[in-house]
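K.L.:
Take this structure, written in structure tokens, and hold onto it; I'll ask about it next.
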Amino acid sequence: MIKEFVAALFDLDGVVFDTEPQYSVFWEKQGLIYHPELPSFSLLIKGQTLQQIYDKYFNEELTSYRDVITEQLNLFERNMSFSYVEGFLKFVRELRSNGVKTAVVTSSNQNKMKNVYSKCPEFESLFDAILTAESFKESKPSPDCYLTAARFFSASPDECIVFEDSFNGLKSGRAALMKVVGLATTNSPDAIASLAHVVISDYTHFGVNDCVSLIRNKNNV
């Protein structure tokens with residue numbers, strides 16, 4: 001067990017699974033249909049819950065289209081593939097073998113997770129906790145979700161590392177006063193560098209020792 005490193009907290013899409021390109025296709029299509037005035041619609045909504053997306057972008061005269069979009073999204077997720085980010089399985093198992101707690105902290109809802117469980121039966125065994133959109137009051141970029149996860153493990157923020165790819169998620173981890181590893185799977189390394197303590201493209205060359213070094217580096221805030 002590593003005393004000063006209690007928990008690794010992972011976003012889901014773009015961090016555990018390399019699914020962001022698929023979601024980009026779906027939401028870019030919705031943007032072209034309902035918000036042609038907003039370029040790069042898929043980037044605007046990354047890291048937000050479905051309810052947040054609806055509240056901000058599908059209200060008033062667009063409210064009636066929510067059910068249609070939900071139905072299309074559910075069908076899309078039932079047919080999408082869930083491939084792990086390269087090196088993730090080895091990394092998460094290394095964490096657990098060293099006594100580090102692991103959790104998913106995602107804006108996805110339980111319906112989405114049912115698809116994950118059915119397609120990846122080993123998924124639940126990789127984590128000590130899975131927190132979804134139903135698990136916290138405020139969504140990213142609020143720190144609420146990551147602080148909730150830390151409390152679940154009776155850990156302080158400086159004992160946790162957040163793994164994120166989206167701007168909202170990175171901001172959430174920083175606001176929680178945790179060390180943040182940015183995955184350059186959705187945005188470029190340069191785009192997320194100011195929001196992350198470390199930027200990686202995948203987990204191939206990143207391990208427990210790197211995490212411990214990050215935790216112990218008190219100058220890296």
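The values are calculated or read from the model by the stated rules, or taken from the named source; none is laboratory data. Small disclaimer: the values here were computed from a predicted structure and weren't measured. So basically every Cβ, Gly included, is an ideal-geometry build from the backbone, and we count neighbours across all protein chains shown. For the accessible areas, the whole protein counts, side chains as well, though only heavy atoms, and no ligand, DNA or RNA atoms are used. Shrake-Rupley method; radii C 1.70, N 1.55, O 1.52, S 1.80 Å.
K.L.:
Which pairs have Cβ atoms under 7 Å, sit 6 or more apart or on different chains, and link a residue in region 183-199 that is farther than 16 Å from G47 by Cα and free of Cβ contacts under 8 Å to residues at least 24 places away in the same chain to one that is open to solvent by 40 Å² or more (accessible area, probe 1.4 Å) and β-branched (V, I, T)?
P.N.:
Between residues of region 183-199 that are farther than 16 Å from G47 by Cα and free of Cβ contacts under 8 Å to residues at least 24 places away in the same chain and residues that are open to solvent by 40 Å² or more (accessible area, probe 1.4 Å) and β-branched (V, I, T), the close pairs are P189/V199; A193/V199.
K.L.:
Hey, among L89, L131, which residue is at pLDDT 95 or above and within 15 Å of the chain's Cα centre (by Cα)? Write out each step before concluding.
P.N.:
Working: L89 fails: within 15 Å of the chain's Cα centre (by Cα).
None of the others qualify; the one that does is L131.
K.L.:
Scan region 115-143 for residues that are assigned to a helix (DSSP H, G or I), among the charged types (D, E, K, R) and touching a helix residue (DSSP H, G or I) at 6+ places or on another chain (Cβ under 8 Å) and jot them down.
P.N.:
Answer for region 115-143, where residues must be assigned to a helix (DSSP H, G or I), among the charged types (D, E, K, R) and touching a helix residue (DSSP H, G or I) at 6+ places or on another chain (Cβ under 8 Å): E124, E134.
K.L.:
Cβ-Cβ below 7 Å, separation at least six or inter-chain, first residue in region 105-120 and among the β-branched types (V, I, T), second assigned to a helix (DSSP H, G or I) and surrounded by fewer than 20 Cβ atoms within 10 Å (Cβ to Cβ): which pairs?
P.N.:
V116/F123
K.L.:
Please find, within region 127-145, the residue that is surrounded by the fewest Cβ atoms within 10 Å (Cβ to Cβ) out of those that are in contact with a Ser or Thr (Cβ under 6 Å, 6 or more places away or on another chain) and closer than 21 Å to R93 by Cα.
P.N.:
The residue in question is D128.
K.L.:
Which of the residues spanning region 76-89 are farther than 13 Å from V16 by Cβ and open to solvent by 90 Å² or more (accessible area, probe 1.4 Å)?
P.N.:
If the condition is that a residue be farther than 13 Å from V16 by Cβ and open to solvent by 90 Å² or more (accessible area, probe 1.4 Å), then R78, N79 are the ones that fit.
K.L.:
Name the one entry in Q72, Q51 that is of a type outside the set (F, W, Y), more than 23 Å from E138 (Cα to Cα), assigned to a helix (DSSP H, G or I) and touching a helix residue (DSSP H, G or I) at 6+ places or on another chain (Cβ under 9 Å).
P.N.:
Among Q72, Q51, only Q72 is of a type outside the set (F, W, Y), more than 23 Å from E138 (Cα to Cα), assigned to a helix (DSSP H, G or I) and touching a helix residue (DSSP H, G or I) at 6+ places or on another chain (Cβ under 9 Å).
K.L.:
Residues to consider are K112, K101; find the one that is under 23 Å from I215 (Cα atoms) and among the charged types (D, E, K, R).
P.N.:
Of K112, K101, the one residue that is under 23 Å from I215 (Cα atoms) and among the charged types (D, E, K, R) is K101.
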